[in-house]
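Working notes, beginning with the structure itself.
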Amino acid sequence: MAEERRRKMIGLQPEGEIDWSEYRGIMVVVEQRAGHAKPVSWQLLGEARRLADKLEAPLMALVMGDNVGHIADEAIGYGADIVYLSDAPELKDYRTRPYSRVCLKVIRTYKPEIVLMGATYTGRDLAGAIATHLPTGLTADSTQLDVDDERLLLASRPAFSEKMLATILCKQFKPQMATVRAGVFQALPFDTGRSGEVIEVSEDMREEDIVTKVLEFIQDAKQVNLEDAQVIVAGGRGVGGPDGFKVLEELARTLGGTIAASRAATDLGWIDHAYQVGQTGTTVRPKLYFAIGISGAVQHVVGMQNSDYIVAVNKDPNAPIFQIANYGIVGDLFEVVPLLTRAFQERLT
Ligand code: FAD
């Protein structure tokens, strides 16, 4: 009796009255800013395609924004079968209320059994708001996904100060929800020949009813975007101090890339924590990753091992980083890196 009262209070249907069998398929909420989709959305569609095929269920994408029809077409090219498109001026900038209203409407109408979003600032905010309203469970910050024979989502994430990997299941509610770190999965190659269905979704919204207003978008001058970088030049304790990163910056600039760091360097205060790559930092997947003066501890490697090419520069020939590097240079970084920079400058100009 007490349990029934509790369920009523938090807006849950009485147990036994819910028919979850109507919930089918996987839905990826595509994140975009200023008309450009975040790569994590395509990475998620890639992994969700595998899971949807395993479940023999459709793969859906939800695209929200203002003038974002082109992103719906992109979602099909990246693996979606059906795209729900909500295109409205009220959705120009991300705001929790209007975005969660559209999301809730689409989920309640089309009933996906699994909903996935990027574990970005926006994804974390939106997923939490939706899970609370539905209500259902949410596994935040997942790094591995799978489904079992009972169609349960197995969402794994680091737990207990990142010392173990916990697999979390949501057995009693639908949809099962997870946010997933950027850079963990790989997007499928974009296929212009794929076909899919775009279904427009409208939600009755009036700007005057939305209490949050975006007055201005100010780009943070120090904003670090490691997740989307194609070339990363990362430095570790071996760079010796904040000035050591200047040598790396020159190489990064030459290659149109960005600098990054190991936790040793960020903990020492040589560079901001936003630049940290690894288990407790950002997971990256660039085309080219330089690990300079970085030993190759497992907690660093898990965050960059999926880079297309890894170049390591280290004065210790036995440094573990050489075991995963495609190219290894044994030497003092203060001699090697300027030589690399000059060689690239000569070839690129
Ligand atoms: P070191 O291990 O000290 O290596 C420095 C390297 O520089 C050495 O190999 C040395 O030979 C080389 N070197 C020195 N001078 C030169 C020179 N002049 N030229 C060339 N090479 C030189 N670490 C992360 O990076 N990211 C994480 O997210 C992260 N999360 C963690 C989470 C937990 C729970 C724990 C316990 C640890 C975590 N760590 C993380 C820390 C990790 O275990 C290592 O301590 C850290 O990665 C080491 O950083 P490093 O390679 O820069 O330093």
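The values are calculated or read from the model by the stated rules, or taken from the named source; none is laboratory data. Source: prediction; values computed, not measured. So basically every Cβ, Gly included, is an ideal-geometry build from the backbone, and we count neighbours across all protein chains shown.
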Legend entry - In the stretch 65-84, the residues that are part of a strand (DSSP E or B) and surrounded by fewer than 23 Cβ atoms within 10 Å (Cβ to Cβ): 82
Inset, instruction - Would you confirm whether any residue within the stretch 290-298 is closer than 23 Å to residue 43 by Cα, crowded, with 23+ Cβ neighbours inside 10 Å and of a type outside the set (Gly, Ala, Ser)? - result: yes
Legend entry - Pairs where the first residue, in the stretch 264-279, is under 18 Å from residue 249 (Cα atoms) and of a type in the set (Val, Ile, Thr) and the second is more than 10 Å from the ligand (Cβ to nearest atom) and modelled with pLDDT of 95 or more, C-beta under 6 Å, 6+ apart: 271/245
Inset, instruction - Under 8 Å between Cβ atoms, at least 6 apart or on separate chains: pull out the pairs that start in the stretch 332-343 with a residue that is closer than 13 Å to residue 255 by Cα and end on any residue that is of a type in the set (S, T, N, Q) and more than 8 Å from the ligand (Cβ to nearest atom). - result: 341/254
Legend entry - First in the stretch 185-213 and of a type in the set (Lys, Arg), second anywhere and in a loop (DSSP other than H, G, I, E, B), Cβ under 8 Å, 6 or more apart: 194/79
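Yes or no, residue by residue, for (1) modelled with pLDDT under 95; (2) within 19 Å of residue 62 (Cα to Cα); (3) not in a helix (DSSP H, G or I):
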| position | (1), (2), (3) |
| --- | --- |
| 102 | no, yes, no |
| 107 | no, yes, no |
| 112 | no, yes, yes |
| 131 | no, yes, no |
| 158 | yes, no, yes |
| 167 | no, no, yes |
| 173 | yes, no, yes |
Legend entry - Answer residue from the stretch 259-270, given it is surrounded by 22 or more Cβ atoms within 10 Å (Cβ to Cβ) and more than 6 Å from the ligand (Cβ to nearest atom) and is nearest to residue 160 (Cα to Cα) among those: 261
